[in-house]
Amino acid sequence: MKKSRSIVQVGKDGVDEGVLERLKNDFKYRENVKVEVLGNNRNKVGVKKIEKEILEKLGDKFHSRIVGFCIFLKKLRKKQ
């Protein structure tokens, strides 16, 4: 698995099927993904709403952190 980070942009349409498909595909090959929030959601409430929506749709195997208008997602390791 690569250590590099992929960047996904979420625009005014929010989290749609295309964004989720891109996130799932990126997590096949990477541990970290950066989500940049653009458009009408570029405020604290909008970023938190998008973070919650992404985590609900991806499942409980992911951790997130908000820095500014970016959401950093990390795939949690499996217990051995």
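Each reported figure results from applying straightforward, stated rules to the coordinates on display, with no laboratory input. Being a predicted model, the structure only gives us computed values, none of them experimental. Don't worry about glycine lacking a Cβ; one is built from the backbone with ideal geometry, like all the others, and counts go over all protein chains shown.
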Worksheet entry | Distance in nm between pseudo-label sites at K78 and F62 (7 Å out along the Cβ direction from Cα) | 1.9
Worksheet, complete the sentence: Between K48 and E17, the two model label points (7 Å from Cα along the beta-carbon direction) sit apart by a distance in nm of 3.1
Response to the item:
Here the averaged projected area of the chain, based on the convex hull of its alpha-carbon atoms and given in nm², is 5.0
Worksheet item: So what's the angle, to the nearest 10 degrees on a 0 to 90 scale, between helix 44-58 and the longest Cα principal axis of the chain?
Response: 40
Discussion item. Using 22 Å as the Cα-Cα cut-off, could you pick out the over-long pairs in K12/K78; K28/K48; K12/K34; K49/K78?
Written reply: K12/K78; K28/K48; K49/K78
Fill in: Beta bridges by DSSP in the chain, antiparallel share as percent, to the nearest 5
60
